[in-house]
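Trainee: One structure, as structure tokens, below. Some questions next.
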Amino acid sequence: MRQLFTAPNQLTLLRLVFVPFILMKILDGGYVWALALLVAAGISDVLDGTLARGLHQQTMLGQYLDPIADKLLLSSLFLVLSFVREIPWRYTVLVFSRDICILITATLLFAIVGLRDFRPSIFGKANTVAQVGTVFFVLLHAVNGAFWIAAARRIGLYATFAFTLISGIHYVFLVGQRLRRLDAKDIKDVKLGESSTG
């Protein structure tokens with residue numbers, strides 16, 4: 001419980017509180033407020049990471065809670081923005097398909113072989129940045145339809161599409177490598193056990 005009340009984790013929880021209000025504003029057509037709340041959520045994301053490092057309050061809870069908050073915010077935004085026809089459905093379907101496949105794979109590997117190493121790759125992080133940029137420019141475009149904003153929105157969507165595919169494929173290779181390392185460790189442990197008993 002003490003981990004829950006650290007300043008970084010409180011900011012992460014605050015980011016979760018923002019989620020329903022951003023979605024409600026989008027559904028009501030209040031894109032200015034939705035954009036302002038999204039920026040506030042982004043600031044809280046930067047602050048919680050900075051505080052965690054600066055105050056030496058990096059916790060196990062925070063390592064799980066922070067990506068969950070990010071994923072919930074982004075996935076919800078893609079879904080609702082597709083519902084109001086600001087993002088084409090094909091992008092949202094691709095984003096959700098990748099995330100669901102990763103979640104199922106991670107759950108199965110944890111349950112079957114106890115694999116816990118699911119750190120995001122560089123492409124996974126790039127995918128998150130692309131998604132954040134996309135929803136920002138989609139909301140900004142709903143407020144102001146300037147040419148450069150429309151162009152940035154289009155680039156964000158293309159980047160999200162590309163990095164979603166690349167990060168998904170890369171994730172498969174990473175999991176394969178981690179499983180091979182796990183197998184090699186098990187074989188080494190067995191050999192060490194045999195030599196000690198022999």
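The values are calculated or read from the model by the stated rules, or taken from the named source; none is laboratory data. All values derive from a computational prediction rather than experimental measurement. Neighbour counts are summed over all protein chains in view; Cβ atoms, including those assigned to glycine, are modelled from backbone coordinates with ideal geometry.
Trainee: I'd like the residue in the range 60-101 that is surrounded by fewer than 20 Cβ atoms within 10 Å (Cβ to Cβ) and among the hydroxyl-bearing types (Ser, Thr, Tyr) and, out of all such residues, is modelled with the lowest pLDDT.
Mentor: Looking at the filtered set, the residue picked out is Tyr64.
Trainee: Do the conditions hold for Arg153, that is, is it at pLDDT 90 or above, crowded, with 18+ Cβ neighbours inside 10 Å, in contact with a Ser or Thr (Cβ under 8 Å, 6 or more places away or on another chain) and among the basic types (Lys, Arg)?
Mentor: yes
Trainee: Starting from the range 134-146, take each residue that is within 12 Å of Tyr31 (Cβ to Cβ) and list its partners that are among the acidic types (Asp, Glu), counting only C-beta distances under 9 angstrom and pairs at least six apart or across chains.
Mentor: Taking only residues 6 or more apart or on different chains, the pairs are Val138/Glu86; Leu139/Glu86; His141/Glu86; Ala142/Glu86.
Trainee: What are the residues in the range 71-113 that are part of a helix (DSSP H, G or I), closer than 21 Å to Ala159 by Cα, of a type in the set (A, V, I, L, M) and touching a residue at least 24 places away in the same chain (Cβ under 8 Å), if any?
Mentor: Leu72, Leu73, Leu74, Leu77, Val80, Leu81, Leu94, Val95, Ile102
Trainee: Still on this structure, please answer the following. Do you know which residues across the range 107-130 are closer than 15 Å to Ser167 by Cα, at pLDDT below 75 and among the hydrophobic types (A, V, I, L, M, F, W, C)?
Mentor: Residue satisfying the conditions is Phe118 alone.
Trainee: Tell me which of these Phe5 doesn't satisfy, since it passes every other one: (1) over 30 Å from Arg181 (Cβ atoms); (2) surrounded by 15 or more Cβ atoms within 10 Å (Cβ to Cβ); (3) modelled with pLDDT under 75.
Mentor: (2)
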